[in-house]
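Quick notes on the structure that follows.
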């Protein structure tokens, strides 16, 4: 066998009597860049919008849970009358007209029921 004296140029290697170019190894690109045609190209940063979970809405780039709107209850005349009667009867209890607070409360409920018999807040089943 004859000795091969031929040297291969830089960037190639000997394979079966012939010189072949070595394929370049894949280069890892740093974070935030992409490899296009064996070159690393930085990507432009874009704003990502987060979707809010169900039952919430977005206010000034923050997700806020929706608050349920409660209906404001208007006090009926029988409720107003009951409050006034409780106040009056409690003062009378302190003066000694009734034996206990429970009795004063019961009397005020009875007085409201006699005045407003169809009032739903006082009526019991």
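The values are calculated or read from the model by the stated rules, or taken from the named source; none is laboratory data. Everything quoted here is computed from the prediction, not taken from an experiment. FYI the Cβ positions are ideal-geometry reconstructions off the backbone, even for glycines, and counts take in every protein chain you see.
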From the option list 21, 62, single residue qualifying as modelled with pLDDT under 80, over 34 Å from the mean Cα position of the chain (by Cα) and surrounded by 10 or more Cβ atoms within 10 Å (Cβ to Cβ) is 21
Looking at 6, 31, 10, can you tell me which residue is part of a loop (DSSP other than H, G, I, E, B), surrounded by fewer than 10 Cβ atoms within 10 Å (Cβ to Cβ), modelled with pLDDT of 70 or more and over 42 Å from the mean Cα position of the chain (by Cα)? 10
